[in-house]
Every structure is written in structure tokens, then in C-alpha cells.
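Right, one structure below, let's go through it.
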Number of protein chains: 2
Amino acid sequence: MAHTQEPEADRPVVTRVGRFVDRDAWTAEGWCKIERALELVGTRSAMILLREAFYGGRRFDELTRRTGLSDAVAAKRLKQLVDDGLLRQQPYREPGTRTRHEYVLTELGRSLFPVVVAMMNWGATLAGPAGGVELVHAGCGELLRAAVRCTAGHDVTLEETEAQIARAKRARRA
Amino acid sequence: MAHTQEPEADRPVVTRVGRFVDRDAWTAEGWCKIERALELVGTRSAMILLREAFYGGRRFDELTRRTGLSDAVAAKRLKQLVDDGLLRQQPYREPGTRTRHEYVLTELGRSLFPVVVAMMNWGATLAGPAGGVELVHAGCGELLRAAVRCTAGHDVTLEETEAQIARAKRARRA
DNA sequence: CGGCTGACTTTCCAACGGAATAGCCAGCAC
DNA sequence: GTGCTGGCTATTCCGTTGGAAAGTCAGCCG
């Protein structure tokens, strides 16, 4: 396994600034965005159904077959993903059969793309059989990576990152 | 909730190319990098312990207290994360007490940074109380985002992405 | 009409995640 | 030595996840 050349002993992680310097001035209590995300996509079945949705899978039988999930679990999780607004049901009609529903990604579901790419990247660094599906830029054929950047466009490393408690301005992006 | 302006009806997701066009020519069976990642960080406790590690938390009592996990769960999950190589135990000695261990991120753990940032980004778009911790670029003070790029440096959207079955060349990056 | 089919839905089960509680144990203070 | 303390460890309990298998149900076909 890579990543074992060990002088990372005391490399810094993010720097805490402002009120966040005193960790005990503050508690994560319901504010953590990661926990909020995990409530919706924190299960194996949710993530791999979304993987299939990103790969273009839409129909119930395709989603169950390609994920290897039992139809009971797939149905339950798809229902939750629809309720949570990550997928939407769209009617379709195959000639000679009755109307059924496809599951398509909503904007909210699509906005998970960086998470999916980041997880694929990271999973690819782990030991295990090489191969599998890879994502490339249609324009140039190069592999995709999830990169951390600031809104000003700079690439940002972990060491260059500061963590602060958000000024509560602008409650939600309208 | 944002993301409900609905003409996303038939927007494409990734385009399958090569052998991957025929979905049934291939099965995910142990190849999916996301599933591989989830085996290590697929639990709530693993993710929020890592969150604390990125925020600079190192000691057992701090990690349990700041995550709100019971010490039993924290101990078990920390052990797993150490076994899996995401954290490493480092001895320290507080005057007047015996030697104890801090948990520090290894290179492998640090390489989860894009995943953590992507999940925070996505979680921030969900409904719920605004505020909490935010990450900024120390250089310019702008918020961090996880962006999807190709190795040639182009920003890549979901529509510009192609999925293919990896040519099995170069088994692991040496 | 009654049968068939695909998409769920329900029921039952084993395994797992996580909380609460109690117990253990190394080693410093005394 | 004894006691104390912090970091685990074991036990119990409960809710959730997920597999298997059977049941339901809409609606097209005959």
C-alpha cells in the first residue's frame, strides 16, 4: 500500500482561527454539515444506487441488478432518496406494458458529483484489484479528480486551510 | 429547499463509452471504488472522528467529547481506523501522568481531504440551521470547494464526463 | 373475465452500529 | 504497597441495515 513513507509525524492539519481556537467555546451539536449529509447518503445502499444513477441507470430492475441489492432494500432506499429530493420519479411507457417510473437525478442529486468523484478517487488508492470503471473528461480523455479549491480559484492544501466558525450572515443562499 | 426548479428532466449524466456501453458485459462485483472506500469510512462514527482529526483533534478524550460518541464506540472505531492505516498512534506524555497515545492522520487519512470538503459542501446546501464550521483558504480567506477536474486541469461537468472500463494497464501507481 | 408480469411491500431473520453501564488495567502519586 | 485516573474493553440493549422469500397490486393480454 502506498502512503506509508512515514515522516508525516507532526504535519499540521487545518488551522483553527477566531472563536474556533477555543474548541470548548463551541459544540458541533447539529451544525456539522457532514453529519447532515450522512443522514441522507450515509448508507451503502444509498451511495451505490446513486453511483448507478450517475452511470445512467434509471429503471428499477437495472438499478437493483447493477447494484446487487435485493429489491426490498433497493425499493426502500429509492423511496427515501425520492423523499429526500435526490431522485425524482419520471413516468415512462414501454410499448405493450403499463406505465412505470424511472428514477432520475435531481439537481440536488447531481450536486453530489464531487462527493462521488472524491470517493472514487480515494477508493482507487486502496489495495484491491485494479480496473473497474473510471471517469474521464470527454474533451481530452484525462482522468477525473476531485480537487480542493477556494472560490477565488486557488488550489488549497490541507496545511493552507483555516477553520473558523461561520459568521451567521446570509442565512441560506436564497 | 433550493434545487427544485425542475427542467432537469432529461439532462444527461455521464456518457458510457467503450465496453461499458453494454452494461451487461460487465459487473461491478468488487471493482467499485466507492464500495471499497465505504468499507473503511462508511460509518457515521468513522467520518466524524476523521472530521475531528482534520480539525486538529488528537487525544482520546477530545475526540470522544467533540464528536459526542460514547467512549466505547470511539475506541472501537479509532482502533479500526488505526488498523486500516488512516490514523496512527503517537505516544505523548503529559507531566504527572503516564504515557498515552494521540491519534494523528496518516498520509492515507490526509488524502481523504477532498472527500471531507465535498461532503461539507454538499451538506451545507441542505436545509437546516446555517452556521457551523467553515473552511477557508488561509491565503485569501475565500471558502473552500471541492471541484471536479481532469488531470489536464480542465474543470469538468457531469455532462462532459465519460465512464469507461479501465484498461488494466499499470496495475497500481507504483 | 382471469392470468401474467414487473414493481413494489411485507415479514422474518441475522448482522451491525451505537448508547449506557460496568469492569479492567497501567502506572503515577502517595 | 494502595488509591486514583484515564483509556480502553465487555456486556447488554435497541434501532437500523440488508438478504430472502412470499404477498400484493395495477394493468396489459388473451
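When restricted to Cα atoms, chain B yields an Rg and a Dmax of 20.3, 66 Å, respectively. Label point of residue B:17 set 7 angstrom out along Cα-Cβ; within the range A:127-159, amide nitrogens under 11 Å from it belong to A:135-143.
With R₀ fixed at 51 Å, the C-beta to C-beta distance from residue A:151 to residue A:98 puts the FRET efficiency at about 0.60. The mean count of C-beta atoms from other chains within 10 Å of the C-beta of residues in B:12-20, rounded to a whole number, is 4. For Cα pairs less than 8 Å apart in space and 6+ apart in sequence, what is the mean separation divided by the residue count of the range A:1-111, i.e. the relative contact order in percent? Relative contact order here is 19 percent. Applying the criteria of a DSSP loop state and at most 14 other Cβ atoms within 10 Å to the GluC sites (Glu not before Pro) of the range B:95-174 yields B:159. Across peptide B:52-59, the average count of Cβ atoms from other chains found within 10 Å of a residue's Cβ is 4. About the centre of its Cα atoms, the protein assembly as shown shows a dipole size close to 340 debye [charges on the beta carbon of Lys, Arg (+1) and Asp, Glu (-1) only; nearest 20 debye]. Between copies, the label points at residue A:60 (set 7 angstrom from Cα along Cα-to-Cβ) are spaced 5.0 nm, reported in nanometres from shortest to longest. Partner shielding of B:64-70 amounts to 2, given as the average count of beta-carbon atoms from other chains within 10 Å of each residue beta-carbon. Please work out, to two decimal places, the log10 of the ratio I(q)/I(0) at q = 0.18, 0.25, 0.29, 0.31 Å⁻¹ from a Debye calculation in which every Cα of the range B:26-81 carries one identical scatterer. Scattering profile of the range B:26-81, log10 relative to I(0): -0.59, -0.92, -1.14, -1.26. With the label put 7 angstrom out from Cα along the Cα-to-Cβ vector, residue B:157 ends up 3.3 nm from the copy partners, going from closest to farthest. What separates the residue B:95 label point from its copies, with the point 7 Å along Cα to Cβ, is 8.7 nm, written shortest first. Evaluating kT/(6 pi eta Rh) at 25 °C and 0.890 mPa s, with the Kirkwood radius of the range B:1-101 over Cα pairs in the Stokes-Einstein relation, gives 140 µm² s⁻¹. Note on residue B:89 and residue B:39: with the Förster distance fixed at 30 Å, the Cβ-Cβ geometry gives a FRET efficiency of about 0.90. Within the same chain, aspartates and glutamates fewer than 8 places from residue A:76 are excluded, and of the rest, those with a Cα less than 18 Å from its Cα are A:39, A:52, A:61, A:62, A:84, A:102. The three principal axes of the C-alpha atoms in the protein assembly as shown carry coordinate ranges of 80, 47, 40 Å, sorted with the longest axis first. Dividing the summed helix terms, -39500 (n - 2.57) for each DSSP H run of n ≥ 4, by the number of residues in chain A produces a 222 nm estimate of -9500 deg cm²/dmol to the nearest 500.
For the range A:93-167, treating each Cα as an identical point scatterer without solvent, what Debye log10 I(q)/I(0) comes out at q = 0.14, 0.17, 0.22, 0.26 1/Å? With no solvent term, the Cα-only Debye profile gives -0.76, -0.96, -1.19, -1.27. Remark: relative contact order (the range B:61-174) = 12 percent; criterion is Cα-Cα distance under 8 angstrom and separation of 6 or more residues. Comparing A:106, A:17, A:118 along the charge dipole axis of chain A, the residue lying farthest to the positive side is A:106, per the Cβ-charge model. About the centre of its Cα atoms, chain A shows a dipole size close to 960 debye [charges on the beta carbon of Lys, Arg (+1) and Asp, Glu (-1) only; nearest 20 debye].
Since every read-out is calculated from the coordinates, none of them should be taken as a lab result. All of these numbers come straight from a predicted model, not from anything done at the bench. Quick reminder, even Gly has a Cβ in these numbers, built from the backbone with ideal geometry, and neighbours come from all protein chains shown.
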